[in-house]
Amino acid sequence: AQSVTQPDIHITVSEGASLELRCNYSYGATPYLFWYVQSPGQGLQLLLKYFSGDTLVQGIKGFEAEFKRSQSSFNLRKPSVHWSDAAEYFCAVGTGFQKLVFGTGTRLLVSP
Amino acid sequence: KAGVTQTPRYLIKTRGQQVTLSCSPISGHRSVSWYQQTPGQGLQFLFEYFSETQRNKGNFPGRFSGRQFSNSRSEMNVSTLELGDSALYLCASSPTPGETQYFGPGTRLLVL
């Protein structure tokens with residue numbers, strides 16, 4: 001069965017500093033991988049996705065993620081965090097675009 | 001183009017009652033999925049519909065059901081509500097099952 005681990009429940013980053021959110025997955029074949037962001041009281045917004053091709057994918061809002069098959073990881077990065085990036089971030093895996101399995105989320109706090 | 005619409009946004013019910021939640025997908029989207037989000041279990045897949053047919057179902061009891069109409073709008077129903085059904089119910093749509101899902105803002109259900 002597929003599973004996703006986001007080992008960090010909370011992360012605090014200073015505004016302007018770089019960010020890396022970790023995501024490890026368990027899946028037998030090449031997975032479809034996603035990062036979503038959820039602001040308080042809101043639904044999920046897709047940041048980026050990977051299912052084939054270049055292992056470094058660019059997303060919206062300056063985010064990028066790198067698929068590393070050998071490490072079963074799909075970590076999310078941003079070079080310079082803005083206060084508006086404070087939210088909860090979810091990594092998800094699927095056999096396709098549907099029936100996604102989500103991680104438990106990482107709550108990002110941005111300090112001034 | 002308008003996003004995914006979910007109604008109602010907030011709902012309070014008592015144990016034993018039943019509830020129906022509605023989802024209107026993005027115009028032109030024919031695939032609709034439902035997810036339940038709780039603090040304890042996180043985001044879990046409920047079911048997926050395409051062209052009025054249920055394609056996938058998550059690991060939820062039979063009290064949870066859904067349907068999709070010919071205009072692609074979807075409803076989910078929960079009968080005999082339990083306290084543990086309190087959650088944010090998210091609907092997501094995509095043009096077809098093979099494309100990226102876009103999430104609505106959710107319906108927050110509180111069962112007393």
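The values are calculated or read from the model by the stated rules, or taken from the named source; none is laboratory data. Note that the structure is predicted; figures quoted are calculated from it, not measured. We place every Cβ from the backbone using ideal geometry, glycine too, and count neighbours over all the protein chains shown. Accessible surface is based on the protein model in full, side chains and every heavy atom, while ligands, DNA and RNA are left aside. Shrake-Rupley method; radii C 1.70, N 1.55, O 1.52, S 1.80 Å.
Check the range B:85-107 and report whether any residue there is part of a helix (DSSP H, G or I) and more than 14 Å from chain A (Cβ to nearest Cβ). Steps first, please.
At the first step, the residues of the range B:85-107 found to be part of a helix (DSSP H, G or I) are B:85.
Remaining after also requiring more than 14 Å from chain A (Cβ to nearest Cβ): B:85.
Looking through the range B:85-107, at least one residue is part of a helix (DSSP H, G or I) and more than 14 Å from chain A (Cβ to nearest Cβ).
Give me the pairs, please: first residue somewhere in the range A:53-69 and in a loop (DSSP other than H, G, I, E, B), second residue anywhere and of a type in the set (Val, Ile, Thr), beta-carbon distance under 9 Å, and either six or more positions apart or on two chains.
Cβ pairs passing all conditions: A:63/A:37.
When the residues of the range B:13-54 are filtered to those that are over 14 Å from the mean Cα position of the chain (by Cα) and assigned to a strand (DSSP E or B), which remaining residue is modelled with the lowest pLDDT?
Result: B:42.
When the residues of the range A:64-102 are filtered to those that are touching a Cys at 6+ places or on another chain (Cβ under 9 Å) and more than 27 Å from residue B:56 (Cα to Cα), which remaining residue is surrounded by the most Cβ atoms within 10 Å (Cβ to Cβ)?
Selected residue: A:65.
Whether any residue in the range A:29-41 is without any contact (Cβ under 8 Å) to a residue 40 or more places away in the chain, more than 11 Å from every other protein chain (Cβ to nearest Cβ) and open to solvent by 80 Å² or more (accessible area, probe 1.4 Å) is what I want to check.
no
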